1. At most 10 other Cβ atoms within 10 Å and a DSSP loop assignment: could you name the trypsin sites (Lys or Arg not before Pro) in segment 15-97 that fit?
2. Whose amide H sits under 5 Å from the amide H of ALA19, counting only residues 5 or more places off or on another chain, with H placed in the peptide plane?
3. Check ARG168: other-chain or 5+ apart residues with amide H under 5 Å from its amide H, H built from backbone geometry?
4. Summing -39500 (n - 2.57) over the DSSP H runs of n ≥ 4 in the chain and dividing by its residue number, what mean residue ellipticity at 222 nm do you reach, to the nearest 500 deg cm²/dmol?
5. Round to the nearest 0.05 the FRET efficiency obtained for GLU77 and ALA137 when R0 = 41 Å and r is the Cβ-Cβ distance.
6. Convert each backbone phi in segment 118-124 into a coupling constant with the Karplus relation 6.51 cos²θ - 1.76 cosθ + 1.60 (shift: θ = phi - 60°), then list the ³J(HN,Hα) values in order as whole Hz, x for Gly and Pro.
7. In what order do TRP174, TRP108 fall by count of nearby beta-carbon atoms within 10 Å, going from fewest to most?
8. Note down the nm distance, to one decimal, between modelled labels 7 Å out along Cα→Cβ at LEU164 and at GLU146.
Amino acid sequence: MSPRSAPRPPDARPALLRAAHVRRAHGLVGEVRAESLGGDARRFRRGVRVTVEDTRRELIVRSARGLGDGDLLLAFEGVDTPEAAGLLRGAYLCVEPERARHLPPGEWFVWQLVGLAAVDVEGNRVGVVSDVEAGPAHDVLVVESEAGERRFPMVSAFVAEVDLAGGRIVLTPWEEEEA
């Protein structure tokens, strides 16, 4: 197995969580059009601090407004021209994990799932969660094992339990047919 597939400590967390992806500059006053990543775009409000992932530059939201297609327009203190806004194109805007939104029961951040040991309902090793892919109906867990990658829909029929404290996720695998 690759180093990526080694189980991680259950309390491992990234330094920053991606909250939005800047698509492009917008208008004449330094706004950017951004895609909100995972969650309610209303969390972006005046005074919220975000960090540009690559440069670690901290920005303070001056204004935010949602667009009908799920994107939002953001303006930041000190970013007042289209040229300054254009420098943010392609950037991920991040928050510290402590400032992340609170999730309801039954929801997890991707970083909490990646690295969990995947076991079946009898406790037999299935592999390690290596990724979580977004899907149109539900997310899909990618589990790396010695036999290769397997994918499990993130629904109760396949995910019996998520035990963050224990560093494991209990899956109900199915027999795969050989082609």
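Each reported figure results from applying straightforward, stated rules to the coordinates on display, with no laboratory input. Only a predicted model underlies this, so the values are computations on that prediction, with no experimental measurement involved. Cβ: placed from backbone, ideal geometry, glycine included. Neighbour counts: every protein chain shown.
1. Values: sites: ARG18, ARG23, ARG24, ARG33, ARG42, ARG43, ARG45, ARG46, ARG49, ARG56, ARG57, ARG62, ARG65, ARG89; in loops: ARG45, ARG46, ARG56, ARG57, ARG89.
In loop regions of segment 15-97 (DSSP not H, G, I, E or B), the sparsely surrounded trypsin sites (Lys or Arg not before Pro) are ARG45, ARG56.
2. LEU93, CYS94, VAL95
3. ALA117, ASP163
4. Per the formula, -1000 deg cm²/dmol.
5. Taking R0 as 41 Å, the efficiency between GLU77 and ALA137 is 0.55.
6. 9, 10, 8, 5, 8, x, 6
7. Numbers: TRP174 10, TRP108 16.
Fewest to most other Cβ atoms nearby, the residues stand as TRP174, TRP108.
8. So the label points at LEU164 and GLU146 sit 3.2 nm apart.
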